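What follows is a short report on a single structure.
The values are calculated or read from the model by the stated rules, or taken from the named source; none is laboratory data. The structure displayed is predicted, hence computed values, not measured ones. Backbone-built Cβ (ideal geometry, glycine too); neighbour counts: all protein chains shown.
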Amino acid sequence: MDGGGRSLGARALLALISVGPMSRGDLGGRLGLSAATTTRTVRPLIEAGLIEEQPPAEVGGPGRPTRLLAVVPNSATVAGIKLTADRLYAVLTDPLGEVLIGDSLPLTETDAGSVAALIASVVAQLAERSGRRPDAIGISLGAAVVGRRTVVVASFLGWRDVPLAAMVSEATGLPCVAANDVRAFAYAEAWFGAGRGKDPFALVTLGAGIGCGVVVAGEVVSGAQGAAGSVGHLPVDPSGPSCEIGHPGCARALASTSGMLRAAAEHLGCEVQDLSLEVLLSPGMRRHSGVDDVLRRAALAVGRVVGLLIAYVDPELVVVSGEGVAVVETYRETFEKEVGGLRHWAAAPVPVLLRPFEFDEWARGAAALALEQWTVAAGDR
């Protein structure tokens, strides 16, 4: 998310959302504001019912108890939408990231107009069921998105240069933003999950592809071309198979869901559609040497990506999630050995959390995008 152009009120709201309750002094220090400017910034937000001063916290030793500023939980409602090739996941959350209600629907028609109409419909249904009309909508999908408005390429939907945010905004009358799903997920995990208070923080996702989001000072690093975190095609095993676009031995070829299923099907002499990760991870199937080799090489590939990420970024924490995390859990020794082998001899080990996931977690990531959008309007007071 671009920090430029935000009002002081928007920056204060975003800081309280992403970090949590803090004193006026801590908020001013984080934003680089004097005490007087901090007071002028938060006063209209308090008067508008967006933030509140919590009862004084006890302090050890001399001094007055500290009153903390916090975002009011019912001050906003936002919608988060996650799109896959065949399904839409939707949630409404409050500004603290708590999911209020959720739903999922099949994505039977994938042209942009039909998807925008379905998003408008499901948001209206969730609003009616919850009694809370959202203030903004965030959409995440496995695609290249520029300016948080336009989907440049979403090959799994057959889209190119689709102004998705504008289409949904027109259909709903609500502010809307769109972003790559991994980056959106990284925001939610950094603000509301295991990554809160960790700086830098890194997220690696395993599924249809291999994704990465790096969060520094509460912001996901985008890079000059918006491509930071594109680790899927990093070469990890020169002798490995090629991915669907011809990169030999890349992380995607070895550790994506489709890559593992395709390699296992070749060993077993069956069709890819007859397999799933759950089937491959069953004890009986893992006794097949070919399947065991496929899964072990996948865990090693993920370990190499995580180890390189740690070497480059030196994060406080790495979270590994996505549907493929079960493979890493099963072959954890292989994964950890590879991560450890890439660690600098003088560096302390970086904690790596293997985290199961549900698709509504991705939708909550999209809701985090919507929260940032809401702060821009709400903080301009």
Any chance you could count how many residues in region 306-339 are part of a loop (DSSP other than H, G, I, E, B) and at negative phi?
-> 5
Looking only at region 209-223, decide whether some residue is closer than 28 Å to D111 by Cα and surrounded by fewer than 17 Cβ atoms within 10 Å (Cβ to Cβ).
-> no
When region 83-102 is examined, which residues are found to be farther than 14 Å from R132 by Cβ and in a strand (DSSP E or B)?
-> L83, R87, L88, Y89
Residues of region 90-147 that turn out to be surrounded by fewer than 21 Cβ atoms within 10 Å (Cβ to Cβ), touching a residue at least 12 places away in the same chain (Cβ under 8 Å), of a type outside the set (D, E, K, R) and under 19 Å from V72 (Cα atoms), as a count = 5
For region 273-295, name all the residues that are β-branched (V, I, T) and under 22 Å from S239 (Cβ atoms).
-> V291, V294
Looking only at region 327-338, and only at residues there that are closer than 15 Å to I210 by Cβ and under 24 Å from the mean Cα position of the chain (by Cα), the one that is surrounded by the fewest Cβ atoms within 10 Å (Cβ to Cβ) | V327
Of the listed residues (Y312, Y331), the one being aromatic (F, W, Y) and at pLDDT 95 or above is Y331
Would you point out the residue of region 64-109, among those that are farther than 24 Å from I46 by Cα and among the acidic types (D, E), that is farthest from the chain's Cα centre (by Cα)?
-> E109
When both residues are 6+ apart or on different chains and their Cβ atoms are under 7 Å apart, which pairs have a first residue that lies in region 166-193 and is under 12 Å from A367 (Cβ atoms) and not assigned by TED's automatic domain parsing to the domain that holds A228, and a second that is modelled with pLDDT under 90 and assigned to a loop (DSSP other than H, G, I, E, B)?
-> V177/R148; A179/R148
Might you let me know whether region 277-290 holds any residue that is in contact with a His (Cβ under 6 Å, 6 or more places away or on another chain) and farther than 24 Å from A143 by Cβ?
-> yes
Just checking, how many residues over region 1-52 are assigned to a loop (DSSP other than H, G, I, E, B), over 27 Å from C176 (Cβ atoms) and of a type in the set (A, V, I, L, M)?
-> 1
So which residues in region 340-380 are surrounded by 15 or more Cβ atoms within 10 Å (Cβ to Cβ), part of a loop (DSSP other than H, G, I, E, B) and not aromatic (F, W, Y)?
-> L342, V350, G379
Is there a residue in region 36-44 that is among the charged types (D, E, K, R) and more than 25 Å from G365 (Cα to Cα)?
-> yes
Go through region 176-226 and tell me which strands (runs of 3 or more DSSP E), entirely inside it, have 2 or more residues that are more than 19 Å from E316 (Cα to Cα).
-> 176-180
Run E323 past the list (1) closer than 21 Å to V220 by Cβ; (2) buried (at least 16 other Cβ atoms within 10 Å of the Cβ) and report the number of the one that doesn't hold.
-> (1)
Qualifying position, being surrounded by fewer than 19 Cβ atoms within 10 Å (Cβ to Cβ), at pLDDT 90 or above and touching a helix residue (DSSP H, G or I) at 6+ places or on another chain (Cβ under 7 Å), among P200, P175 | P200
If R87 passes every condition in (1) surrounded by fewer than 23 Cβ atoms within 10 Å (Cβ to Cβ); (2) not assigned by TED's automatic domain parsing to the domain that holds N180; (3) not hydroxyl-bearing (S, T, Y) but one, which one does it miss?
-> (2)
Can you tell me which residue among V123, V115 is part of a helix (DSSP H, G or I) and within 16 Å of D360 (Cβ to Cβ)?
-> V123
